[in-house]
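Notes follow once the structure below has been shown.
Derivation of every value follows stated rules applied to the coordinates shown; laboratory data play no part. As the structure is a prediction and not an experimental result, all values here were calculated from the model. Note that each Cβ is placed from the backbone with ideal geometry, even for glycine, and that neighbours are counted across all protein chains shown.
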Amino acid sequence: MRKIVLGSTSIYRKALLEKLNLPFDCVKPEVDETPFENESPEKLVARLAQAKAKAAGTDVNNALVIGSDQVAVHQGKILGKPHTVENAIQQLTRFSGQSVTFLTGLSVVDTQSGQAQTIVEPFTVHFRELTHEAITSYVHAEMPLNCAGSFKSEGLGICLFEKLEGDDPNSLIGLPLIQLTKLLQHFGVDVLSQQSRDKPY
């Protein structure tokens, strides 16, 4: 089987990739994530996902390297990480009764051929009408200060939502597995076929 590398040290992306039951290594990519002037959120995440995959595969031969990048967008603007309790409360107050779209760039680079396949997967979170008390309670309970959008969907953040809209809930956490299996298959790695390798029947 081709060597697989995840160009990320995120514990959440690592846990998602482990669902595919394939061996892989994690490499931290060194990439400048500064947006270009007038760069759209879609182009930004696609560019950074591919840049991360290429950076992580610099010293790896004959491997498929996975890169991913994500931004949250509200009313056309990219959301930053709040970093403080006050900013988190302000962000969530603006989201009350509204929607935030997460755009996840996903790229797989073949270090042998140099070929890359890159997609952008959208996922939309619709928020409930939130009271100040509920927002404050949530922020103090989970302290999502390093999370774009000021919430953790894999935790108590689910209590803030009216509904979720998208093709793959894994993309909200940072790695769209449905699309990833398609990209891996493009490069000759069929995830289900790999499960039966070297196993007696």
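Of note:
- Checking the cross-link pairs Lys19/Lys54; Lys14/Lys77; Lys43/Lys77; Lys52/Lys152 against a 21 Å limit on the alpha carbon distance flags Lys19/Lys54; Lys14/Lys77; Lys52/Lys152 as lying beyond it.
- Folded to 0 to 90 degrees: helix 132-142 orientation relative to the chain principal axis, Cα: 40 degrees
- Using θ = phi - 60° and Karplus 6.51 cos²θ - 1.76 cosθ + 1.60, couplings along the stretch 101-109 (whole Hz; Gly, Pro as x): 9, 9, 10, 10, x, 10, 9, 10, 10
- Projected label distance in nm at Thr124 and Glu33, using a 7 Å step from Cα toward the beta-carbon: 2.5 nm
- Normalising by residue count, the chain has a Cα convex hull of 127 Å³ per residue.
- Length gained when the stretch Lys77-Gln98 is fully extended (0.36 nm per residue, less Cα-Cα span): 6.2 nm
- Here the 3J(HN,Hα) profile of the stretch 146-159, calculated from phi with Karplus coefficients 6.51, -1.76 and 1.60 at θ = phi - 60°, is 10, 10, 4, x, 6, 8, 10, 5, 7, x, 5, x, 4, 6 Hz, Gly and Pro shown as x.
- Rg of the Cα atoms in the stretch 72-143, relative to 2.2 N^0.38 Å, amounts to 1.50.
- Residues with amide H under 5 Å from that of Cys147, placed H, sequence gap 5 or more: His83
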